[in-house]
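Presented below is the structure to which this report refers.
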Protein chains: 2
Amino acid sequence: MTFQDYFPIWNKLSTNQQMRLCSNLLLRSVPRGTVLHNGETNCTGLLLIKSGQLRAYILSEEGREITLYRLFERDICLLSASCIMNSIQFTITVEAEKDTDFWLIPAEAYQQLMEESAPVANFTNELMASRFSEVIWLMEQIMWKSMDKRVAAFLLEEAAIENSDELKITHESIANHLGSHREVITRLLRFLQNEGMVKLSRGTVKLLDEAKLAKLRG
Amino acid sequence: MTFQDYFPIWNKLSTNQQMRLCSNLLLRSVPRGTVLHNGETNCTGLLLIKSGQLRAYILSEEGREITLYRLFERDICLLSASCIMNSIQFTITVEAEKDTDFWLIPAEAYQQLMEESAPVANFTNELMASRFSEVIWLMEQIMWKSMDKRVAAFLLEEAAIENSDELKITHESIANHLGSHREVITRLLRFLQNEGMVKLSRGTVKLLDEAKLAKLRG
């Protein structure tokens, strides 16, 4: 499998554009935990994931976090190239949640394609619309869903991503994903344990009753 | 002043595209309070504001609201034409906050331009990036700013929009803007009144000390 199998609009590029894109591509491998983009790395470029998993989040001045969305195989991280659009006035942090192989498309090369090609520009629109939709969904969760439902939803999502009902994750890390505090998460996890939905042990949350968790999630 | 003075990329359209766009345009006037777009009106089209003011917000199933952003003269409402992008998976409600004159650009006409013209597609990208930035800013406010600071910020913003320190606004309405409850807002406004920052009377909030409010806003 090569880049052209992963890049959805490859066939909408001219031969010249395909060659230019390829000559600028960089294939990179990073271990889990690597920060690929943040406010200091000015304009990293677009990241097309070959394998692995990325997490995009925002950070407060005090170091609090909330996960905006995750990116998986074949997903493209656009906001790590925010310099290509003047109107993007925010900074996300992008971190590898698993060992990740990805193609880096440098910002200038992509921007040139976008400026000359309506299909590339419209594809970029769709990418941004997808992320925007995820953020609005998150906003609705934050505004109108109680934290117990959000923890239940997060545990079920994690179990699906990891394909395992035994999650290696700390309470602190769940709090960072959900933009909450460790103490709040610990209290809620204990409630879920009392209700027979999970079993807690050091660094692990085991899902005992996914149906009940799904019912709580609503 | 005509449409071409208001539409930022008019000069990037071909004569044929300009003519097609003009032949599809509708100039509309609506009184304050009119809902121009919501989940039921499938795809209203883009709205370019000639004069007036629009508010875009999301609604919960229980009828709770939160204002995402406002649009003023020369702004373009893109998300009222969400059907032009497959990846927009959410619905906003758009309401006239003042008597408003606007041009309606029908969705199909705009979509056709976007598909054939890289400048139009890239302009659309910038529009979406602007709104996305406002929503991320709001998310940061919700996550990391206490409600008293958000009320102070809202009152100062309203005073600037209305160019008046005497705001005709109910506590209920402030709560809807900020995604809060009336009781919470009433309590906070009374606190601001005790601190000498505002004076409350029926249906009115008068700003007494903008410097102190600005300091609270941070």
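The values are calculated or read from the model by the stated rules, or taken from the named source; none is laboratory data. Being a predicted model, the structure only gives us computed values, none of them experimental. Every residue, glycine as well, gets a Cβ built from its backbone with ideal geometry; the counts of neighbours run over all protein chains shown.
Looking only at the stretch B:155-167, decide whether some residue is more than 14 Å from chain A (Cβ to nearest Cβ) and touching a residue at least 60 places away in the same chain (Cβ under 8 Å). Let's see the steps before the verdict.
Here is the first cut: in the stretch B:155-167, the residues more than 14 Å from chain A (Cβ to nearest Cβ) are B:155-167.
Those still in the list that are touching a residue at least 60 places away in the same chain (Cβ under 8 Å) too: B:156, B:161.
Yes.
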Could you run through the stretch B:139-153 and say how many residues are surrounded by fewer than 20 Cβ atoms within 10 Å (Cβ to Cβ) and touching a helix residue (DSSP H, G or I) at 6+ places or on another chain (Cβ under 9 Å)?
-> 8
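Looking at the structure I just gave you, is A:Thr124 farther than 28 Å from A:Glu183 by Cβ, out of contact with any Asp or Glu (no Cβ under 9 Å at 6 or more places or on another chain), more than 14 Å from every other protein chain (Cβ to nearest Cβ) and buried (at least 19 other Cβ atoms within 10 Å of the Cβ)?
Details: farther than 28 Å from A:Glu183 by Cβ: yes; out of contact with any Asp or Glu (no Cβ under 9 Å at 6 or more places or on another chain): yes; more than 14 Å from every other protein chain (Cβ to nearest Cβ): no; buried (at least 19 other Cβ atoms within 10 Å of the Cβ): yes.
Spelling it out, it is not the case that A:Thr124 is farther than 28 Å from A:Glu183 by Cβ, out of contact with any Asp or Glu (no Cβ under 9 Å at 6 or more places or on another chain), more than 14 Å from every other protein chain (Cβ to nearest Cβ) and buried (at least 19 other Cβ atoms within 10 Å of the Cβ).
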Across the stretch B:86-98, which residue is farthest from B:Asn38 (Cα to Cα) among those that are more than 13 Å from the chain's Cα centre (by Cα) and in contact (Cβ under 8 Å) with a residue 24 or more places away in the chain?
-> B:Phe90
Filtering the stretch A:99-121 down to residues that are more than 7 Å from every other protein chain (Cβ to nearest Cβ), more than 20 Å from the chain's Cα centre (by Cα) and hydrophobic (A, V, I, L, M, F, W, C), which residue is nearest to A:Glu73 (Cα to Cα)?
-> A:Val120
Condition check for B:Arg217: surrounded by fewer than 19 Cβ atoms within 10 Å (Cβ to Cβ), more than 12 Å from B:Ala153 (Cα to Cα) and not hydrophobic (A, V, I, L, M, F, W, C) = no
Where residues in the stretch A:58-111 are hydroxyl-bearing (Ser, Thr, Tyr) and out of contact with any strand residue (DSSP E or B) (no Cβ under 7 Å at 6 or more places or on another chain), which of them is farthest from A:Ser133 (Cα to Cα)?
-> A:Ser60
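Would you please name the residue that is farthest from the chain's Cα centre (by Cα), looking only at residues in the stretch B:125-162 that are polar (S, T, N, Q) and at pLDDT below 95?
Our first condition is that a residue be polar (S, T, N, Q); within the stretch B:125-162, this holds for B:125, B:130, B:133, B:141, B:146.
Going one step further and asking which of them are at pLDDT below 95, we end up with B:141, B:146.
Numbers: B:Gln141: 17, B:Ser146: 22 Å.
My answer is B:Ser146.
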With the first residue restricted to the stretch B:32-46 and required to be closer than 10 Å to B:Thr91 by Cβ, and the second required to be outside any loop (DSSP other than H, G, I, E, B) and modelled with pLDDT of 90 or more, Cβ contacts under 6 Å at 6 or more apart or on different chains are B:His37/B:Ser80; B:His37/B:Val94; B:Asn38/B:Thr93
When the stretch A:168-188 is examined, which residues are found to be away from chain B (no Cβ under 14 Å), of a type in the set (Val, Ile, Thr) and either over 19 Å from the mean Cα position of the chain (by Cα) or buried (at least 18 other Cβ atoms within 10 Å of the Cβ) (or both)?
-> A:Ile174, A:Ile185, A:Thr186
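Quick grid of which residues meet (1) part of a strand (DSSP E or B); (2) within 14 Å of chain A (Cβ to nearest Cβ):
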residue	(1), (2)
B:Arg20	no, no
B:Ser29	yes, no
B:Ala56	yes, yes
B:Glu62	no, yes
B:Thr67	yes, yes
B:Ala81	no, yes
B:Ile88	no, yes
So is B:Ser29 of a type in the set (S, T, N, Q) and in contact with a strand residue (DSSP E or B) (Cβ under 7 Å, 6 or more places away or on another chain) or not?
-> yes
